[in-house]
Amino acid sequence: MGFAYRDGALYAESVPLDEIARRFGTPCYVYSRAAIERNYRAFAEALAGRNALLAYSVKANSNLAVLALLARLGAGFDIVSAGELERVRAAGGDPRKVLFSGVGKSAAEIRLALEAGALCLNLESAAEMERVDAIAGQLGRRAPIAFRVNPEVDPQTHPYIATGLRQSKFGVAFADAERLYREAAGRPNLEVIGIGCHVGSQIVEPAPLAEAAARIVALAERLAQAGLPLKHIDIGGGIGIRYRNEAPPPVADFLAGVLDALRGRSETLIVDPGRAIVGSAGLLLTRVEYAKPGAAKNFLVVDAAMNDLLRPALYDAWHEVLPVRRAEPGSGERVYDIVGPVCESADFLARERQLAAGSGDLLALMCAGAYAMVMSSNYNSRPRAAEVLVDGRDAHLVRRRETTAQLYALESIPK
Ligand code: LLP
């Protein structure tokens, strides 16, 4: 399932990657339907027997084909913009299973979410509460809301993706939550239905999630005692995957602590994973343009770059590099930096990898299903890569490669 070698050639399910490169060109993102489904099922099985909703975090990979696949499996969606809501709807997702998170929702976005009948708006400030109350009033409806509360738990992850600390811009302070809930309950156009949190991403141990769940449950209990019972508890996403030598336990183990914290409670449990669903289910296929021996380092200059996969440049993230055709033993491996054509020294995809590869060879950057294509840009006027979804023997082009003309189609020259 997913990606594996057969007779020295790397396959996506039953399709050889060199065939995909021939048909669709490179750079190209390749996703495995079976891998996405397997990752989804791990959550579904761990949550079986409890009233729960998996709200896939759209920001991790928002290709319509991926969203449609998850919608058909019954997923809800965690979104952070009107754009993501439109994508969910275009993919056939149910807006009534949509949770709207984010610190900066605009008035137009709030209106759109309310009109679409979103399940819940996760509020992140008192100012946002006022805005949602006012807009709901104008629309003549009650807005279903939760607060995203900062549980102040250290997820022990990269500082750029830790979100539940005291100093974080996200969520409302734990100490302020009760006051905000009381105030929201007194507002005519708000219907207080839940509580949420999210402590960070790429968490590789169950403890931070269990700890956050315990704190949020304690708060929910206090609110219930004060006459404010909630319908759901959303513990966010953040479950990590193995990029290199991390050893995250199975999803069921991550959720065991959370389920424990909620034992005996009637609220629906909501989880919003992104990376754990799609991260391992994608790779970035790229071709070597040049092998370039340097004074201090050897480089493989490939046709993908930081504009395609930003994670190495932004977080110093590590993605495994696999040759699409395994080299014969003794074919002259060297240590290379894998770099792109973009004019930045931060334009590297991988550093110091032992490989036997040269001009024309195909390489795969693994675990590139999450926060990869979605974070791509057109820097250096590079068209975005194509995306292909493999299903058994079939390879479907689910996003065409951009053309250069599309890059400046919205621009004009003043007379
Ligand atoms: N829920 C909320 C409220 C979030 O902010 C996020 C991610 C998730 C769920 C999903 O988290 P996941 O299960 O995917 O860890 N670009 C970074 C990751 C940023 C995550 C932002 N929030 C990266 O490439 O590592």
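Computed from the coordinates by the stated procedures, all read-outs in this text should not be read as laboratory data. Predicted model only: the values in this text are computed from it and were never measured. Using ideal geometry, Cβ is built from the backbone for each residue, glycine included, and neighbour counts are taken over all protein chains shown.
In the elastic network of the chain, a GNM with C-alpha springs shorter than 10 Å, the most mobile of 104, 340, 140 is 140. Helices meeting the span-like rule in the chain (full DSSP H runs, Cα extent of at least 24 Å along the helix axis, mean Kyte-Doolittle score of -0.5 or higher): 207-225. Compared with the direct C-alpha span, the chain from residue 108 to residue 381 gains 95.2 nm at full extension, assuming 0.36 nm per residue.
What percent antiparallel are the DSSP beta bridges of the chain, to the nearest 5? Restricted to the chain, the bridges split so that about 45 percent are antiparallel.
Extending 7 Å from Cα along the Cβ direction at residue 292 and again at residue 179 yields two label points whose distance is 5.7 nm.
Legend: residue pairs 59/292; 105/231; 59/297; 169/415, Cα-Cα distance threshold 32 Å; pairs beyond threshold, 59/292; 59/297; 169/415. Extension gain, residue 242 to residue 335, is 31.2 nm, computed as 0.36 nm per intervening residue step minus the present C-alpha separation. Assuming a ≥ b ≥ c are the square roots of the Cα gyration tensor eigenvalues, decide whether segment 62-273 counts as rounded (a/c under 1.5), prolate (otherwise, with a/b larger than b/c) or oblate. Taking the square roots of the gyration eigenvalues as a ≥ b ≥ c, segment 62-273 is oblate. Distance between the pseudo-spin-label points of residue 130 and residue 415 (7 Å out from Cα toward the beta carbon): 4.6 nm. For segment 238-243, the Karplus equation 6.51 cos²θ - 1.76 cosθ + 1.60, evaluated at θ = phi - 60°, returns couplings of x, 5, x, 10, 8, 8 Hz by residue, with Gly and Pro reported as x.
How would 28, 197 line up from fewest to most surrounding beta-carbon atoms within 10 angstrom?
On the way: 28 26, 197 30.
Ordered by Cβ neighbours within 10 Å, fewest first: 28, 197.
Taking other residues whose beta carbon is less than 12 angstrom from the beta carbon of residue 273, and scoring Lys, Arg as +1 and Asp, Glu as -1, yields -1. How large is the helix-only mean residue ellipticity at 222 nm for the chain, computed as the sum of -39500 (n - 2.57) over DSSP H runs with n ≥ 4, divided by its residue count, in deg cm²/dmol to the nearest 500? One gets -8500 deg cm²/dmol as the mean residue ellipticity at 222 nm.
Provide the net charge surrounding residue 15, with neighbours chosen by a C-beta distance below 12 Å and charges set as Lys +1, Arg +1, Asp -1, Glu -1. Provide the component values of the computation, followed by the final result.
Details: positive: 6, 22, 23, 33, 393; negative: 13, 18, 19, 391, 394.
After counting each charged neighbour, the total is 0.
Quick one: 408, 371, fewest Cβ neighbours within 10 Å first, how do they rank? Could you put the intermediate results ahead of the total?
Numbers: 408 10, 371 23.
The most exposed by this proxy come first: 408, 371.
How much length is gained if the chain between residue 327 and residue 34 is pulled fully straight, taking 0.36 nm per residue apart and subtracting their Cα-Cα distance, in nm to one decimal?
Computed gain between residue 327 and residue 34 is 102.7 nm.
Bridges between two residues of segment 62-273, per DSSP, are antiparallel at a rate of about 5%.
Across segment 56-61, coupling constants 3J(HN,Hα) worked out from phi with the 6.51/-1.76/1.60 Karplus curve, θ = phi - 60°, read 4, 7, 4, 4, 5, 6 Hz, and Gly and Pro carry x. If Lys and Arg each add +1 and Asp and Glu each add -1, what is the summed charge of the other residues whose beta carbon sits under 13 Å from the beta carbon of residue 217? Around residue 217, the charge tally is -1. Couplings 3J(HN,Hα) of segment 383-393, computed from phi: x, 5, 5, 7, 10, 10, 10, 9, 9, x, 8 Hz, in residue order, whole Hz [Karplus 6.51 cos²θ - 1.76 cosθ + 1.60, θ = phi - 60°; x for Gly and Pro].
Annotation: amide H-H contacts under 5 Å for residue 57 (H modelled 1.01 Å from N, sequence separation of 5 or more, or interchain): 78, 274.
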